[in-house]
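S.K.: This structure is in structure tokens; I'll ask about it shortly.
The values are calculated or read from the model by the stated rules, or taken from the named source; none is laboratory data. Just so it is clear, the structure is predicted and the values come from calculations on it, not from any experiment. So basically every Cβ, Gly included, is an ideal-geometry build from the backbone, and we count neighbours across all protein chains shown.
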Amino acid sequence: MVKVATMRDVAVRAGVSVTTVSRVLNGTGYVKAATRRAVEAAIADLGYLPSGSARQLVTRRTGMLGLCLPDTGPVADLRAPVRVGHRVEVVPDHDSAGTVSWGGLYFGEVVRGAEYAAWQAGFAITVAVARPPEADARIRELAGRVDGLIVVAGTQSDGLLDHLAHRVPVVLVAVDGVDAGRTCSPRLTTVEQPMADLGRLAVDVLRACLADPRLPRQERTAPVRVLLRDSCGPH
């Protein structure tokens, strides 16, 4: 078994103290440029990776934000055995309309916006789906692993969310409108909400709450547009 390098190993290789290695990793305190280069070289040589668990013990933060989405479609196809191999099957497709999971289409934009905002702030996003019958248990478990939680409105009961809010900051996101309306026939008139912006706003609110846990509850609204299309007739 390959020995996993520790912070102490890095300190010995670089000829510095463990405290100096910690300062280089965390970007805190003063470290001479030459010393920093020596530590960085030792980290590269040893293939050292900081322990997230150890950092959590010190900072009491996980560096993770949770995003809870509703179950938006059937899972029958997901339960089927995974197909492998090089076979190519050609079949006629007579279903002109197809089946569209609307939630999957626009929740993806919420995820994209939240992930980008989290990445800019140095967080990572972990996503969970509130799928019955274990939805409550999953969301409770997720709340215990993250610094803050974003939940799509209607996914969980108010009572459970109030309970979770005593553990971590919770932000509710209400969504409407379907971006895929323009691909239907006739094209659907829809109310467009900036889905990615909703995800970004949710992360911004969580960051504010983490910086100041005494902040009162707040509500933020994103502007919407009505997109007139063929389903409303001539206009």
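S.K.: If a residue has to be modelled with pLDDT of 75 or more and exposed (fewer than 10 other Cβ atoms within 10 Å of the Cβ) to count, how many in region 218-235 make the cut?
M.R.: Total satisfying the criteria: 4.
S.K.: Every residue in region 12-34 that is surrounded by 17 or more Cβ atoms within 10 Å (Cβ to Cβ) and among the polar types (S, T, N, Q), please.
M.R.: Selection gives THR20, SER22.
S.K.: Continuing with this model, one more query. Can you tell me which residue within region 162-175, out of those that are assigned to a helix (DSSP H, G or I) and either out of contact with any Leu (no Cβ under 9 Å at 6 or more places or on another chain) or small (Gly, Ala, Ser) (or both), is nearest to GLY199 (Cα to Cα)? Reasoning before the result, please.
M.R.: Of all residues in region 162-175, those assigned to a helix (DSSP H, G or I) come to 162-164.
Next cut, either out of contact with any Leu (no Cβ under 9 Å at 6 or more places or on another chain) or small (Gly, Ala, Ser) (or both) only: 162-163.
Details: ASP162: 21, HIS163: 23 Å.
Selected residue: ASP162.
S.K.: Turning to a different aspect of this structure: Considering only residues that are among the aliphatic types (A, V, I, L, M) and outside any helix (DSSP H, G or I), look in region 12-51 and name the one that is modelled with the highest pLDDT.
M.R.: Top of the filtered list is VAL16.
S.K.: Quick one: count up the residues across region 7-21 that are polar (S, T, N, Q) and farther than 10 Å from VAL39 by Cβ. Spell out the reasoning first.
M.R.: The initial filter retains those residues of region 7-21 that are polar (S, T, N, Q), namely 17, 19-20.
Applying the additional criterion that residues be farther than 10 Å from VAL39 by Cβ yields 17, 19.
Of the residues in region 7-21, 2 are polar (S, T, N, Q) and farther than 10 Å from VAL39 by Cβ.
A quick yes/no check of all residues on (1) closer than 30 Å to LEU210 by Cα; (2) of a type outside the set (A, V, I, L, M, F, W, C); (3) at pLDDT below 85:
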residue: SER53; (1), (2), (3): yes, yes, yes
residue: ARG61; (1), (2), (3): yes, yes, yes
residue: VAL75; (1), (2), (3): no, no, yes
residue: VAL91; (1), (2), (3): no, no, yes
residue: ASP95; (1), (2), (3): no, yes, yes
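S.K.: Looking for something without any contact (Cβ under 8 Å) to a residue 24 or more places away in the chain and of a type in the set (D, E, K, R) - is there at least one such residue anywhere in region 118-131? Walk me through how you get there before you give the answer.
M.R.: First, pick out the residues of region 118-131 that are without any contact (Cβ under 8 Å) to a residue 24 or more places away in the chain: 119-120.
Pick out the ones that are also of a type in the set (D, E, K, R) and you get none.
No: region 118-131 contains no residue that is without any contact (Cβ under 8 Å) to a residue 24 or more places away in the chain and of a type in the set (D, E, K, R).
S.K.: Same structure, new question: Considering only residues that are part of a helix (DSSP H, G or I), among the small types (Gly, Ala, Ser) and touching a residue at least 24 places away in the same chain (Cβ under 8 Å), which ones fall in region 136-161?
M.R.: ALA143 - this is the single residue of region 136-161 that is part of a helix (DSSP H, G or I), among the small types (Gly, Ala, Ser) and touching a residue at least 24 places away in the same chain (Cβ under 8 Å).
S.K.: Here's something else I'd like to know. Just give me the residues in region 176-210 being in a helix (DSSP H, G or I) and at pLDDT below 80, in sequence order.
M.R.: Hits for region 176-210 are ASP179, ALA180, GLY181, ARG182, THR183, MET195.
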